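Asker: Handing you this structure, nothing more for now.
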Amino acid sequence: MNRKESGKLHIVQESLKMKDNKYLIKGVSRHYSKPMNMLSLNRTPEWKLDIASKQKKLSGLLLDRCIALDCCPICMSKEHRLFVSIFDYPFHQCDACGHIFSQRPPATDAIRDLYNEHQDSNDTKAVQSEVYAKKELYKKRVANIARPKVNFVNKIVKEKGRWVDIGAGVGDIVASAKESGWDAIGLESDLAEIRFAEQMGTKLVNAFIDESNMDRYLKGAKLVSLFNVLEHIPSPGEFMRLVSSSIPDGTNVVIEVPRHPSISSFANKAFPEYAARHIYPPDHLHIFTEKSLDIILKENHLNIEAIWLFGQDIFETFSSMAIKGGHENQALFSPVLESVNNLQADVDKADLSDTMIVVAVKRKAV
Ligand SMILES: [Zn+2]
């Protein structure tokens, strides 16, 4: 790159930062980057294409069971505009808080049917030999994904106690939290995931958490976590109201959500036909800005103390480009994938990561 080009790139980066700064939250400790070995997790472009085609099919099945939203589900502003349309689902961006939301999401009962119908095809139906392979992959998943998240929490939250993980999935966070000395339990409504977690050695509680049982499950918690949960819930603000009203002052709340502005948002906009994560229907209803997440937390007396940005923006972009060009099996692509972490670290530093984890604490009563 010559000097003129590098100067241009610098200007683009600066203008992006200036434009995007308005959604950053101030006065919290900021942390950056989490290295990840995409190849060891089998996250190849072929894998991405396979997921994208399944998501497209599911999205099509629900198209006639959608409702239309007239305002931002976070700040209720009526000023919003189309950001991208994926598999015929419009995603709008709010002018006020920057939040990206599914503007015609499937109705709540349609979402429930979707998850119930597709439980049977889940991992737990695998034959025994496949379970062994999955156990190996699971160990890598715990080491690559769950353990760094728990370590981050341990850096910020010094006092351990009961950790309640809502939407525990296959139990990898619970397993990691226990390893590091927490008295951890996981709540999960998906029976297939509960069975799989049990095969992997982690027992979860089968519960669909709502207003009727929130108090009971959160009783005695020192920390409540929601990893990749809020983006699937039609009204995340309402859900956080329930969480906050069930915990005493001083309790920590840890949340992971997809984040905007990010390079992945741009990749989804440029390559909507390959959307398999981040902005994709029918699963993801929300992509949060720091500001939109802060709005629903502040409303519920939850103050963010630390924020960690990381993501898969470079993988998302490069793998989409490779698929588009039919280049995913070319020799040059492996070194490209191997360079993902270094490039991603720069994306993170520029505050353009596609994922954030925040650690908040319920405010002391005044
Ligand atoms: Zn808004």
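The values are calculated or read from the model by the stated rules, or taken from the named source; none is laboratory data. Because the structure is a prediction, the values reported are computed rather than measured. Cβ placement follows ideal geometry from the backbone for every residue including glycine, while neighbour counts extend to all protein chains displayed.
Asker: Based on what the data block shows, is Ile357 within 16 Å of the ligand (Cβ to nearest atom), of a type in the set (Val, Ile, Thr) and over 30 Å from Leu61 (Cβ atoms)? Walk me through it before giving the result.
Answerer: Details: within 16 Å of the ligand (Cβ to nearest atom): no; of a type in the set (Val, Ile, Thr): yes; over 30 Å from Leu61 (Cβ atoms): yes.
No, not satisfied.
Per-residue answers, yes or no, for (1) of a type in the set (A, V, I, L, M); (2) surrounded by fewer than 24 Cβ atoms within 10 Å (Cβ to Cβ):
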{"residue": "Arg241", "(1), (2)": "no, yes"}
{"residue": "Phe271", "(1), (2)": "no, yes"}
{"residue": "His284", "(1), (2)": "no, no"}
{"residue": "Ile295", "(1), (2)": "yes, yes"}
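Asker: Another question about this same structure. So for region 282-293 (the condition being in contact with a Ser or Thr (Cβ under 6 Å, 6 or more places away or on another chain) and at pLDDT 95 or above), does at least one residue qualify?
Answerer: If we filter region 282-293 for residues that are in contact with a Ser or Thr (Cβ under 6 Å, 6 or more places away or on another chain), which is where we start, we get 282, 285.
Still in the list and also at pLDDT 95 or above: 285.
Looking through region 282-293, at least one residue is in contact with a Ser or Thr (Cβ under 6 Å, 6 or more places away or on another chain) and at pLDDT 95 or above.
Asker: Still on this model: Give region 76-100 a look and list any residue that's part of a loop (DSSP other than H, G, I, E, B) and away from the ligand (no atom under 13 Å from the Cβ), or say none. Before the answer, list the steps.
Answerer: Narrowing region 76-100 to residues part of a loop (DSSP other than H, G, I, E, B): 76-79, 87-88, 95-99.
Matches in region 76-100: Phe87, Asp88.
Asker: Return yes when Asp64 is more than 16 Å from the ligand (Cβ to nearest atom) and surrounded by fewer than 13 Cβ atoms within 10 Å (Cβ to Cβ) and no when it is not. First the steps, then the outcome.
Answerer: Working: more than 16 Å from the ligand (Cβ to nearest atom): yes; surrounded by fewer than 13 Cβ atoms within 10 Å (Cβ to Cβ): yes.
So Asp64 fits the description; yes.
Asker: Continuing with the same structure: Against the definition (outside any strand (DSSP E or B), of a type in the set (Val, Ile, Thr) and within 16 Å of the chain's Cα centre (by Cα)), how does Ile173 come out, yes or no?
Answerer: Criteria met by Ile173.
Asker: Still on this structure, I have one more. Among the residues of region 36-61, how many are surrounded by fewer than 18 Cβ atoms within 10 Å (Cβ to Cβ), modelled with pLDDT of 80 or more and among the hydroxyl-bearing types (Ser, Thr, Tyr)?
Answerer: 1
Asker: Here is a further query. Restricting attention to region 321-360, and to residues there that are of a type in the set (Val, Ile, Thr) and within 20 Å of the chain's Cα centre (by Cα), which single residue is farthest from Leu49 (Cα to Cα)? Give the derivation first.
Answerer: Residues of region 321-360 of a type in the set (Val, Ile, Thr): 323, 336, 340, 347, 355, 357-359.
Next, only the ones that are within 20 Å of the chain's Cα centre (by Cα) stay: 340, 347, 355, 357-359.
On the way: Val340: 19, Val347: 24, Thr355: 21, Ile357: 27, Val358: 30, Val359: 33 Å.
Checked region 321-360; the qualifying residue farthest from Leu49 (Cα to Cα) is Val359.
Asker: Then there's this: Determine whether Tyr138 is surrounded by 13 or more Cβ atoms within 10 Å (Cβ to Cβ), at pLDDT below 90 and closer than 24 Å to Leu309 by Cα. Write out each step before concluding.
Answerer: Numbers: surrounded by 13 or more Cβ atoms within 10 Å (Cβ to Cβ): yes; at pLDDT below 90: yes; closer than 24 Å to Leu309 by Cα: yes.
Yes, satisfied.
Asker: Could you identify the single residue in Asn341, Asn329 that is surrounded by fewer than 20 Cβ atoms within 10 Å (Cβ to Cβ) and farther than 27 Å from Lys155 by Cα?
Answerer: On the way: Asn341 fails: farther than 27 Å from Lys155 by Cα.
Step by step, each of Asn341, Asn329 is checked, and only Asn329 is surrounded by fewer than 20 Cβ atoms within 10 Å (Cβ to Cβ) and farther than 27 Å from Lys155 by Cα.
Asker: Given the condition within 16 Å of the ligand (Cβ to nearest atom) and part of a loop (DSSP other than H, G, I, E, B), answer yes or no: does some residue in region 288-297 qualify?
Answerer: Keep residues of region 288-297 that are within 16 Å of the ligand (Cβ to nearest atom), which gives 288-297.
Those left that are additionally part of a loop (DSSP other than H, G, I, E, B): 289.
Yes; the residues of region 288-297 include at least one that is within 16 Å of the ligand (Cβ to nearest atom) and part of a loop (DSSP other than H, G, I, E, B).
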